[in-house]
1. Using Cα pairs closer than 8 Å and at least 6 residues apart in sequence, work out the relative contact order for the stretch A:1-75, in percent.
2. What shape does the stretch B:5-52 have by the C-alpha gyration tensor, where a ≥ b ≥ c are the square roots of the eigenvalues, rounded means a/c under 1.5, and otherwise prolate means a/b greater than b/c and oblate the rest?
3. Provide the per-residue ³J(HN,Hα) series for the stretch A:48-59, in order, calculated from phi with Karplus coefficients 6.51, -1.76, 1.60 and θ = phi - 60°, each as a whole number of Hz, with x at glycine and proline positions.
4. Quick one: how many Å² of A:Arg2 are accessible to a 1.4 Å probe, rounded to 10?
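The values are calculated or read from the model by the stated rules, or taken from the named source; none is laboratory data. All of these numbers come straight from a predicted model, not from anything done at the bench. Areas reflect the complete protein model, heavy atoms only, side chains present, ligands, DNA and RNA absent. Shrake-Rupley method; radii C 1.70, N 1.55, O 1.52, S 1.80 Å.
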Amino acid sequence: MRRHTRRVYNLCYRFTGNSTVAEDLTQEVLLRVYRTIGSYQSQYGAFATWLTSVTRNLLVDHHRRTRHDRMTDSIDDVLPVVEDKPSQVRAPDRQAEAAELSAQLQRGLARLSPELREAVILRDLQGLDYREIQTVLRVPEGTVKSRINRGRIELAGILKQMGVRPA
Amino acid sequence: MDWNCTLVEERLSDFLEGTLLADEQAAFSAHRAGCAHCSQMVAQVDGLLGQMHALEPLPMPLQLAARILTATRAEFGGAKQGWRGWAWWPRWAPAVWQPRVAMGIATALATLVIVLHAVSAAPGGSKVAQLNPLNVLRAGNRQVHLAYAHTAKFVNDLRVVYEIEALMAQPQAAAPPVAPPNAEPEQRQTPEQESHPVGPNPREKTQTMPRRNNFPAIRNAELAMVENMDSTDEQPSATLRSLP
Ligand SMILES: [Zn+2]
């Protein structure tokens, strides 16, 4: 379960950009999984996909719940909360570079619309295939594909604006 | 057919994932070669995908697993609800395998071994004086302590299995095959679940669970979880063991 929990945590963190919230949501997901494991049937798909669906539903709930906070505190959208170090340090270390990229990516993701953000996270950070994402998001395949495509293009544009060099 | 910027943008992911047909591929490349905007966009997105795919998942916060275990235990109450899958066990068996009880038994056994060892090692049979704690301690040799340590470790491992099994056995096996919980379309609101995200599932209260009839279903759910546990990349015991 540890591997799954880590995946859930990653999904929550990448979507919300806040590690405390991500931890709370991960815990909530696992509680919900334990409560409802009986409703999981293998014909629904792989366990990981089911788990992702549960997580995603909670993320949507959370997003709706906190919509009001975000609107009253609109500075969030301009300056998303990021817990990583300032970006000007050019560490030679590969690990530091990866951490830096991870933080920049997080800032970029926060500026995507939720629909595009979740599509890109599921595809390019969680590694789900289109069919699995279709199952999780419950939208037609064409919608999945176009959201992922638009999300990638917008994210690349945002990162370019932020001055992140492409690989 | 000549492709314009819009079409190239629309099919960018297909191009990068190599799912364009041969003629589409040719049209895409032809436009890209003659359009600075599109060739730059392709390079950017291609680079971004490379970066994202190479990114390691974030490590899980250290205390998170323990926190989740505590929360699940608080909600599911350990042995009270657990072990229903093991219907063929005697009714008292779950109580015996509760970690605290098992640990108690192990401790008692180890103590008995130490005491017996002390008594039998003493020349001239047993005297009450030889049951003096100091003598007992002196007599208790390293082997016995090692045996005790092994037992303690076994009980600790057992405890981890117990915790997980107890959680696994909890779910409602009689539920029909359905989509994941709260799986309504985006537009539909689910008031109770939204306002009480960690509250008890109302279905669980009203549903009465026959103790044995749902055995196969429970086993399926358990097997599914166990199957997934088998593929864990880390031993959970290291974290779980540090719990009170
Ligand atoms: Zn163009």
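1. It rounds to 30 percent for the stretch A:1-75.
2. oblate
3. Karplus values, whole Hz, x for Gly and Pro: 4, 5, 4, 4, 4, 4, 4, 4, 5, 4, 5, 5.
4. Taking all protein chains as shown, A:Arg2 has close to 50 Å².
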